[in-house]
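The block underneath contains the structure these notes are about, expressed in structure tokens.
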Protein chains: 4
Amino acid sequence: MDFNIIRSARAVLHVTSLEASRRFYVDALGFIETYSDSESIYLRGLEEHCHHSLVLKKSEKPALEVISYKVQSEKDLEGLEKLFQSRGLKTKWMEAGTQLALGRALRVQDPAGFPIEFFFKMDKVERYLQRYDLYRGAAIQRIDHFNCAVSDTEKTFEFYKKELGFRCSEYTTTENGKVWAAWIHRKGNVHDVAFMNSEGPRLHHVAFWLSDPMSVIHTCDVLASLGYASSIERGPGRHGLSNAFFLYLRDPDGHRIELYNGDYLTCDPDFEPIRWDLDDPRRQTFWGNAAPDRWFNEASSVLDIQTGEVVVSASPVLEKRKPTFII
Amino acid sequence: MDFNIIRSARAVLHVTSLEASRRFYVDALGFIETYSDSESIYLRGLEEHCHHSLVLKKSEKPALEVISYKVQSEKDLEGLEKLFQSRGLKTKWMEAGTQLALGRALRVQDPAGFPIEFFFKMDKVERYLQRYDLYRGAAIQRIDHFNCAVSDTEKTFEFYKKELGFRCSEYTTTENGKVWAAWIHRKGNVHDVAFMNSEGPRLHHVAFWLSDPMSVIHTCDVLASLGYASSIERGPGRHGLSNAFFLYLRDPDGHRIELYNGDYLTCDPDFEPIRWDLDDPRRQTFWGNAAPDRWFNEASSVLDIQTGEVVVSASPVLEKRKPTFII
Amino acid sequence: MDFNIIRSARAVLHVTSLEASRRFYVDALGFIETYSDSESIYLRGLEEHCHHSLVLKKSEKPALEVISYKVQSEKDLEGLEKLFQSRGLKTKWMEAGTQLALGRALRVQDPAGFPIEFFFKMDKVERYLQRYDLYRGAAIQRIDHFNCAVSDTEKTFEFYKKELGFRCSEYTTTENGKVWAAWIHRKGNVHDVAFMNSEGPRLHHVAFWLSDPMSVIHTCDVLASLGYASSIERGPGRHGLSNAFFLYLRDPDGHRIELYNGDYLTCDPDFEPIRWDLDDPRRQTFWGNAAPDRWFNEASSVLDIQTGEVVVSASPVLEKRKPTFII
Amino acid sequence: MDFNIIRSARAVLHVTSLEASRRFYVDALGFIETYSDSESIYLRGLEEHCHHSLVLKKSEKPALEVISYKVQSEKDLEGLEKLFQSRGLKTKWMEAGTQLALGRALRVQDPAGFPIEFFFKMDKVERYLQRYDLYRGAAIQRIDHFNCAVSDTEKTFEFYKKELGFRCSEYTTTENGKVWAAWIHRKGNVHDVAFMNSEGPRLHHVAFWLSDPMSVIHTCDVLASLGYASSIERGPGRHGLSNAFFLYLRDPDGHRIELYNGDYLTCDPDFEPIRWDLDDPRRQTFWGNAAPDRWFNEASSVLDIQTGEVVVSASPVLEKRKPTFII
């Protein structure tokens, strides 16, 4: 491959009220606000020395504008352009200076229809990891991964694995051996992105890393005390898949955020992906608590990188089933 | 009053299999087994220097035989006998030597129909509080309280308050000002016993104190790894009432156990009980997670102190509603 | 006895700078500031529904003005006055209205020379227990106990036990059976006050309860990030005595504050005090870390209730030894 | 480079009593014993799916036999042999079958004199990550890093960086700009190995990852309850460098073990190493607690890969100073 994808790096979400978003993300969850103006808010976690990992843009309708990966060097972008063009997929350059704090970036529409961005350069800022006096709410540390609902998991999975160099940590198959969902990574933990069989393309959630399990508990308490109890959608609980201690939240626009801690190292080249049967009860949440229906059915719309319109989603190619193992 | 009730001290539960119970209570939850034979198991928490706080007796059917309170001195038992007899309630002496490790005890049937026992003397054993090498599973510290479903909360509450000297920490009232549920104590934290409007008398749960919130999380993990995921009925979560961090479990016979940590001090004589409206949304679980139906509807039968038969339960005097605030 | 002491309730400390104190107690430790003016700051913990548990008064020199206990009712104050007068000890009435938020109070100089206050009535304020959005730093919950250096522990201990009704949870004796230190309580946990053999009367520390062990760790991190690393004098660690997880801090004036979590219930009337030999290695900090010398040698001066002058301290009656077991 | 080093993978320590070692590592710290016989014990953490990460070999004297790194593939070993031979450094092949559970391995003596091993293949075993019922003591998750005392940090650091491809996360320099200590990694967190200016080559410690900070606290409690209080050498505390929450232990033979949790991600190609001045007070332990002298002065001997004799250590090239920042 002519490129090296390093890690999931940021998401750009459209929200309908910056004020409501700030109360949720900054005041309640404890994101650090690097920059904001009347059009957008740029947020980062306490561990992050880069400018941001989450952008909230004011818009008419909630949607995912793009999810971004950091690459090894700027020249990797050319290799990626070549790949996506050779597959007949849309590409679009975002020149340096057109996006705040970001160098030249390549946007593409991946085979599942997701708006994806690759970049190397992002401005650096002071890291607040040891500014414990600023820890608040969830004390968000860093971005961890994306979870994407796709209509054809197997096709998407193959593309990311073979063409983009992602490696699989865990996956689920149907009784016929079809891949139902897959957790894949570049950075050496369980995932940078997961795909699952559903109506797609839709963004299921963006996940952020917390420093320890008690931060998850404290988040629930703080959310409740601020009137956000109804934003707690699922958890806290332990995932069977990934082993992470998790909490799922819905932001004021319905975007789903996962708070996540406690998965494991996957950097060994001979790490063997863990396979789960779709009907294996152990797939489910480790403690056995059922997730609510809306967790399965609702997800964020994603936008076309060229038109800015919502990408029409398609029905899943595999029969739809309550995917209780999704994390 | 001629007596001084100190604290909730033990429960005697009938179970159908001592082996299944031992696996659950000792191997999974980490109770210390003080003594056992073919008929019963005597358990205590790591902090307890008394012989036991939970007795499991082999029986045909699961039931509560009795819940016991420790009193200030043996002569207090006479005062209590006088009180219950003056109210026309059943009493029965259990002489020293008839119950393992226990001195003379008085059993009564309280106005709600519950089998209650008072005693002063219990054998002492080594306290394992600092035997951290023995901490396992939930690392149960000590018994904390009982929760009782009663058909007439107000009547029961008044009796415990006025005749037995319990003090109220929190309570819930209907729109007509009727007491729907009450949390009352002797030992200076939120409760030794709670009563709630339901079909009763039935035992809703027995609660044990854990040393910290992470023990609750670890309990879920251990239960799941041992195949007890389905025993986790509700939680972990934070109670609005009492502020406790909780987990509800069902033992192999369906008896409900609460693991509990984090309430507050109530010893001030001018502490004002906290009143909740039945329709106040803040009554509910602090984080907003709904409890499952079986948590509301299912409870353990209680036995008559004289006949040993199940006490027939009566419908609640207040209209039955989903009592989401029960803790 | 004609009175019933409920619990340790507040300390009044003299400090040289209210601004420096506020930064330490409010900004760093997370006390709630109920009231302040140019002369004093009134602080409370998140759990406390009373007006304050710590008063900081601006003064030329740091000192302890008084430590206060809450009693069962206002008439108990008369019984206490009688007792102290009958022993020839100084007493002084502080009428209602002379102290902010406090009803009538009786001040006395106890047999060890400590300025002690008894009161029943204190104004009530909103309790912030579930205002998790306000939790900051140590998230102080409530006052727990005082630790007092006295020249004659045995005499002081006997007075508190026999005349004031305190009950002993743990104590240390020399090889000759002399009481070297004692932990005594009214409220049913390990202590409301401890006495130890040293130059006295001097206040060793005031302790506040935290909700869980992770709050102790977070406190260290927050203090360090705010430049208070040198205020951390000892810990975090586990006490052998009391089993508490602890941290000792020195405030800007050198007053010692203990953050404390995890002791046990002592309400049983037949609880047997735990005796430790002065030379028993298990007396020491459970994990074996040695405390620094200044922890042993330094303590706050205490004031005469009538003259306001520093009470001259006397040498300990028992040979001075490094009291590694003090908690 | 013709090779790709993946991560620190195992240490082989010589110990004088397997029984004493088992009690410490297995019973107290909670390592999983994969295999043992009369000559050795093979241990792994709960997260590890490889056969072992720590080997204890019975020997006359305590020493480090070798520290091992996993590489991308078996052919990488050839490239590494070439490199070390071209530098005139000792190499030695350990053919597959000569070491339990290990494929072909290359041992070398690095420029600092350390016995180093590279291998690709290690047998796989069941991963116990979700066997929470087996969690005990520290609940060791996985190996994290080695810390090595070397007489010439700068020379060693340059070799690892330029010739072996390690990347620097943090480092300390003297006032003259000399590198005093360096933390370098391959796997994307703070370090796989650290070098510091001291008498060397000696092994300062091997570090293992814990799942959360409360596991560190629980470790102290369990160690103390089992009589290992004197094995706790330093901590718990927070490192300024790396931000990790740490505990240093000495095993029965004096080998130093660090328990470690909470550092950060370093996988960004443009991550800028954090430089610390040797005299910067912030270098020190974040909370300000001083480490004991023995922590600075004592370390394990290392062996020659060919003769098996102790490698004679040399004085540091930089003036020896209390390296309070070592982690």
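The values are calculated or read from the model by the stated rules, or taken from the named source; none is laboratory data. This one's a predicted model, so the numbers in the text were calculated from it and none came from an experiment. Reconstructed Cβ throughout: ideal geometry from the backbone, glycine too, with neighbour counts over all protein chains shown. In case anyone asks, the SASA skips ligands and DNA or RNA and just uses the protein heavy atoms, side chains included. Shrake-Rupley method; radii C 1.70, N 1.55, O 1.52, S 1.80 Å.
Laid out as a table, the results:
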quantity: Alpha carbon convex hull of segment C:204-289, volume per residue in cubic angstrom; calculated: 112
quantity: 5 angstrom amide H check on C:Tyr128, placed H, neighbours 5+ away; calculated: C:Glu48
quantity: D (Stokes-Einstein, µm²/s), Kirkwood Cα radius, segment B:55-136, 1.567 mPa s at 4 °C; calculated: 89
quantity: Probe 1.4 Å, accessible area per residue of chain A, Å²; calculated: 33
quantity: For D:205-212, mean number of other protein chain Cβ atoms within 10 Å; calculated: 3
quantity: Longest to shortest principal axis, alpha-carbon extents of segment B:247-303, angstrom; calculated: 42, 26, 23
quantity: Three-way shape label, chain C, alpha-carbon gyration tensor, a/c 1.5; calculated: rounded
quantity: Average other protein chain Cβ within 10 Å of Cβ, residues A:268-279; calculated: 3
quantity: Peptide D:220-231 - average C-beta neighbours from other chains (10 Å radius); calculated: 6
quantity: Under the Karplus curve 6.51 cos²θ - 1.76 cosθ + 1.60, θ = phi - 60°, whole-Hz ³J(HN,Hα) for segment C:105-119, x wherever Gly or Pro sits; calculated: 9, 10, 9, 9, 9, 6, x, 8, x, 7, x, 10, 10, 10, 8
quantity: Other-chain or far-sequence residues with amide H under 5 Å of B:Trp180's (modelled H); calculated: B:Thr172, B:Thr173, B:Thr174
quantity: Relative packing of D:226-233, D:290-297, D:192-199, which averages over residues the other C-beta atoms within 10 Å, highest first; calculated: D:192-199, D:226-233, D:290-297
quantity: Accessible area buried between chains D and A, both sides summed, probe 1.4 Å, in Å² to nearest 100; calculated: 3000
quantity: Alpha-carbon Rg/Rh ratio, for segment B:142-197, with Rh computed the Kirkwood way; calculated: 0.96
quantity: Using θ = phi - 60° and Karplus 6.51 cos²θ - 1.76 cosθ + 1.60, couplings along segment C:36-53 (whole Hz; Gly, Pro as x); calculated: 7, 9, 6, 9, 6, 10, 10, 10, 9, x, 5, 7, 7, 9, 9, 4, 6, 10
quantity: Solvent-accessible ranking of C:Glu298, B:Glu272, C:Glu163, C:Glu170, largest area first, probe 1.4 Å; calculated: B:Glu272, C:Glu298, C:Glu163, C:Glu170
quantity: Square roots of five times the Cα gyration tensor eigenvalues for the protein assembly as shown, Å; calculated: 52, 38, 31
quantity: Segment C:138-301: translational diffusion in µm²/s, Stokes-Einstein, Kirkwood Rh over Cα pairs, 4 °C, 1.567 mPa s; calculated: 80
quantity: Under 5 Å, built H, 5+ apart or other chain: amide partners of A:His14; calculated: A:Lys57, A:Ala63, A:Leu64, A:Glu65
quantity: Directionally averaged shadow of segment B:5-119, computed from the convex hull of its alpha-carbon atoms, nm²; calculated: 7.5
quantity: Of all accessible heavy-atom area on chain D, the percent that carbon and sulfur account for (1.4 Å); calculated: 47
quantity: Karplus (6.51, -1.76, 1.60) ³J(HN,Hα), θ = phi - 60°, over segment C:21-26, in Hz, Gly and Pro reported as x; calculated: 5, 4, 4, 6, 7, 8
quantity: Loop-resident sites, segment B:1-57, for GluC sites (Glu not before Pro), counting at most 16 other Cβ within 10 Å (DSSP); calculated: B:Glu39
